[in-house]
Structures are given as structure tokens and as C-alpha cells.
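Contents: one structure, followed by commentary.
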Amino acid sequence: MLEKRDFYINGQWVAPQNGKDHHVIDPSTEEPAAVISLGGAEDAEAAIAAAKAAFPAWMATPVAERIALVEKLISVYEARAEDLAGAMSAEMGAPIDMSRSQQVGAGTWHLKNFIDAAKGFDFNHALGDHAPNDRIIHEPVGVAALITPWNWPMNQITLKVGAAAIAGCTMVLKPSEESPLNAIIFAEMMHEAGFPPGVFNMVNGDGPGVGTTLSGHPDVDMVSFTGSSRAGRLISKNAAETLKRVHLELGGKGANLIFEDADEKAVKRGVLHIMNNTGQSCNAPSRMLVQRAKYEAAVQEAAEVAGKVTVGPASEAGRHIGPVVNEVQWNKIQDLIQKGIDEGAKLVAGGTGRPEGFNKGFYVRPTVFADVNNDMTIAREEIFGPVLSIIPFDTEEEAVEIANDTPYGLTNYVQTQDGARLNRMATRLRSGMVEMNGTSRAAGSPFGGMKQSGNGREGGIWGIEDFLEVKSVSGWSTD
């Protein structure tokens, strides 16, 4: 079995000070894939001290040099792509082909977008023509604690590390203990790329141990967290004592509004989107709202599409979906599917239990419910599995009301050929992102939500700005 117990602190791999063994479970087999150490407060404090000591020199490093190191990181990242793909497939269940293309690909995408954004950003500029001796200086926040989830590991690590590094922050990364192997590889890549000791540190641990120390420590100036809304609230409370900046990217319960004039691929596109990554995406379109004239046909099509989604081990090539990450998640999803049945939703595909042919592994049947109303549990709670709820609506006004009737506000989706309606929906839907007719948002666009989906933005220049303080200076000498 693979053993990876050490932490990366101050440019070296060091043994835990008070670590305890933790098995990383392959969700396809339910067997251990590796053993790591979960650190404690002493390990987190050592990493924080290293980051604090490294900050003055890293802050003073010219932006061009920081960008050059991120460019070097990209070349190292690309050379280690297959290692990353294999790690994520084994530890969190992404099918290997999907892991190579989407899970690994997300990292290079974000790093390249940060470089493009930074090269066009003026970190020190005049306030305006009216005040040539007033300057606006963008400086790094300081020591940043980066706490990342298991569902899109490299996506989230690169969104945080790339932005923090270019901004001039030093870092302590705590990856999810469910998917730590890719983060260990990433730490090796940061070392190979040549980042100075202490700029990037990585400590494995759980939330109550390392996570609590990071979020409450007075020498940590910022916490950037991606995960559940419940954990986000706990981090915010713990961080409040030191008044540090807290960036949260939390859950979602996205609505996919399909109007009667939607294109012929809209329903299929929506079903496949919720099934991608086995439904383990915060921006998944888990509520499909369908206009009444199209509703019955959409339900039938959704059931047929879901019925053709295949499930299989993460290690096998193909376009299937893999297992969910662990037993806790599997049980939660099963309970929510049963809750949907008990509350009167119409099950048209899938259901409880493992798919046919599986008696081991955390596999979930691709599931579709029809005749859902927005008061049902499956319409309110984030399921984080391959489960779709279909809700009918009559008017545009009703669709907006249903879509916005949620504590979350991450991503909504709109399918219509009416350009004026598209624009109305974009302004009326209360979410940080709105995607139209299957068009993905462009390179460098900001990712983030409102309401209980969090605050702040990741990606592009907005992601870099989240790690920057704004300093206003008068009397700047132009001599």
C-alpha cells in the first residue's frame, strides 16, 4: 500500500509532530488505496510559521518573477498529468478518462487564465487623471489558509494556489483527507517549479484538527475555503475572533429553466450535466424546471437519457460515471432518494440501492424524479449525487420565483431561443453565475455565488483580487 505520511513545510518533507494514520479508501472497491497522516495543531502551526517568515520576501518579489514561477509550474504540472489523473481516480472515484480530461485539465486551464489576467493587471497605478500624485497599490493580504474539497481537487487547489501565488501571498494548503494524494503530488510540483521555501506549505488533516487551527490562528490573514455550507459557517465563526478575511465557495441547488422554445438538446444536456462527476458538483443543475407545454415530453426524455447512463469502476476507460466518494455520502444520497419517494415525487429512473451487477463500491443509480414541488426535501437540500428533480412551471414569473426560492445562489441555467427572455433571466435570477443554452462561461470568468453559496470570486482577475489588499496613497512622487 502507498504510504505518504509526511507534510511539506518550509520547502521540505517533514514527519508529522502528532500525526495519526488515515486510510484513503478507493470508492470503486471500498479497499484502502493509501495511508496518510492526519496532522494536528502543532503541524499546522509549523506551516503557518514558515509561511509567515517567507511572506516579506515573497511580497517583495516582482510580480513578473511570481508569474514566471507559475508558468514553470504549468510545465511541471503537464509532465505529471498522468500521475494526477491516476491519484484522483483512485481516491475520489472519477473515471480515468474523465479524470484525465476534466479533473486534470481544470488545473492547467485556471493557471493559464491567471497568468493571462495578471499580465494585463496594473498592481500599482494612478488613481486617475485628476489626481496624478495619488496611487492605488494592490498588495498581498498575507498568509492564506487554503482549505479544499474532494470533489474537484485540482480545480480548487489551482484556483486558490495560482491566485495566491501571483498576488504575493504565502500559503498553507489543507486538502480534503478524502482526496489527499493529488495534493501531495501538487506539493512535489511546487517544489520542482522552484517556489522559495515557506511560500507554499501543505499539511494533511481533518477539519476539527488542522482546519480549526488554520481558520482561527492570529498569524493567518485569510482563509479561502471550498466545501459545505455547514463547514463554511463553522469556519466563519472561528475566523471572526481574529477578523481575518474569509472567502467561501459553498453549496448550490441550481435551477435549469427549460422553456417551451428550448432547443432539442436542452433536456439531454441538462440530464448529462447533473450526472457528470456522479453529481458531485456544487454548480450542478439539480432542479430542472420545465414549462408545462414541454413537461411530459421532457420527463420521458430525461428518464430515457438517465437510463442510458452507465456506471462503472473509476479505473476503467469509458464514458461511464464512477462511484460517489465514500460510504457517508452514499448513505446520505440513499436516504434522500427514499425521502423523495416518501414525500410523493414520481420516480421515473433509478432509485435506491446499487446499480444492477454491483454489490460493492459506493455506486449510485442515476435517478430522476418528476412531479417534484419546491417544498420537497429533494428540491431543498443539496444531494451531491446523480439525482435530478423535475418541476413544472407555467409562466416566466413562476419559473423565476421557483428558481430563486432556495437558500443557495451559485449557478442557474436558462434554455430558450428568445433573446430578450435570456437577458431578463440573467438579471432576475439570484445567483453568482447564469449559463445560457449550454454555453460555458469564457476563460477568466469569475466563479462564485451569493446567499448561502458563499462570497468572493475565483478565477481570472477576480480570483487574484480576492488575495489582494487595496492601499490608497497620496503625495506619490513622480520625479
In the set Ala306, Ala293, the lone residue that is small (Gly, Ala, Ser), modelled with pLDDT of 95 or more and out of contact with any strand residue (DSSP E or B) (no Cβ under 7 Å at 6 or more places or on another chain) is Ala293
In this structure, does Ala144 turn out to be touching a Cys at 6+ places or on another chain (Cβ under 7 Å), buried (at least 24 other Cβ atoms within 10 Å of the Cβ) and either at pLDDT 95 or above or under 29 Å from Glu65 (Cα atoms) (or both)? yes
The condition of being in the same structural domain as Asp261 (by TED's automatic domain parsing) and on the phi > 0 side of the Ramachandran plot holds, among Gly357, Gly307, Gly385, Gly322, only for Gly357
Taking region 276-302 and the residues there that are hydrophobic (A, V, I, L, M, F, W, C) and surrounded by fewer than 22 Cβ atoms within 10 Å (Cβ to Cβ), the one that is nearest to Ala33 (Cα to Cα) would be Ala297
Picked from region 387-405 (must be assigned to a strand (DSSP E or B) and not β-branched (Val, Ile, Thr)), the residue nearest to Pro323 (Cα to Cα) is Leu388
Within region 195-248, restricting to residues that are among the hydroxyl-bearing types (Ser, Thr, Tyr) and crowded, with 23+ Cβ neighbours inside 10 Å, the one that is nearest to the chain's Cα centre (by Cα) is Thr226
Does Pro16 satisfy being free of Cβ contacts under 8 Å to residues at least 40 places away in the same chain, under 25 Å from Ala317 (Cα atoms) and not aromatic (Phe, Trp, Tyr)? no
Checklist entry - Can you spot a residue in region 83-90 that is under 30 Å from Met275 (Cα atoms) and in contact with a strand residue (DSSP E or B) (Cβ under 8 Å, 6 or more places away or on another chain)? => result yes
Consider Ala420 carefully, then state whether it is free of Cβ contacts under 8 Å to residues at least 12 places away in the same chain, part of a helix (DSSP H, G or I) and of a type in the set (Gly, Ala, Ser). yes
Of the residues in region 31-49, those that are assigned to a helix (DSSP H, G or I) and either surrounded by 23 or more Cβ atoms within 10 Å (Cβ to Cβ) or outside the structural domain of Gly107 (by TED's automatic domain parsing) (or both) come to Asp43, Ala44, Ala47, Ile48
Scanning region 306-345 residue by residue, those basic (Lys, Arg) and in a helix (DSSP H, G or I) turn out to be Lys332, Lys339
Scanning region 184-194 residue by residue, those within 20 Å of Ala41 (Cα to Cα) and either surrounded by fewer than 18 Cβ atoms within 10 Å (Cβ to Cβ) or not assigned by TED's automatic domain parsing to the domain that holds Lys237 (or both) turn out to be none
Sole miss for Ser281 among (1) touching a His at 6+ places or on another chain (Cβ under 9 Å); (2) over 29 Å from Phe225 (Cα atoms); (3) not β-branched (Val, Ile, Thr) is condition (2)
**Request:** Output yes when any residue across region 367-380 is assigned to a helix (DSSP H, G or I), polar (S, T, N, Q) and modelled with pLDDT of 95 or more, and no when none is.
**Result:** yes
TODO: Return yes when Gly475 is over 26 Å from Ala266 (Cβ atoms) and assigned to a loop (DSSP other than H, G, I, E, B) and no when it is not.
DONE: yes
Per the list (1) part of a helix (DSSP H, G or I); (2) of a type outside the set (Asp, Glu); (3) within 23 Å of the chain's Cα centre (by Cα), residue check on Ala293 breaks on (3)
Only one of Pro355, Pro407, Pro313 is in contact with a helix residue (DSSP H, G or I) (Cβ under 8 Å, 6 or more places away or on another chain) and not basic (Lys, Arg), namely Pro407
Among the residues of region 207-259, the number that are farther than 26 Å from Trp462 by Cβ, of a type in the set (S, T, N, Q) and in a loop (DSSP other than H, G, I, E, B) is 0
If you go through region 56-64 one residue at a time, do you hit one that is surrounded by fewer than 18 Cβ atoms within 10 Å (Cβ to Cβ) and either modelled with pLDDT under 95 or not in a helix (DSSP H, G or I) (or both)?
-> yes
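The values are calculated or read from the model by the stated rules, or taken from the named source; none is laboratory data. Note that this is a predicted model, so its numbers are computed, not measured. Note: ideal-geometry Cβ built from the backbone for every residue, glycine included; neighbour counts use all protein chains shown.
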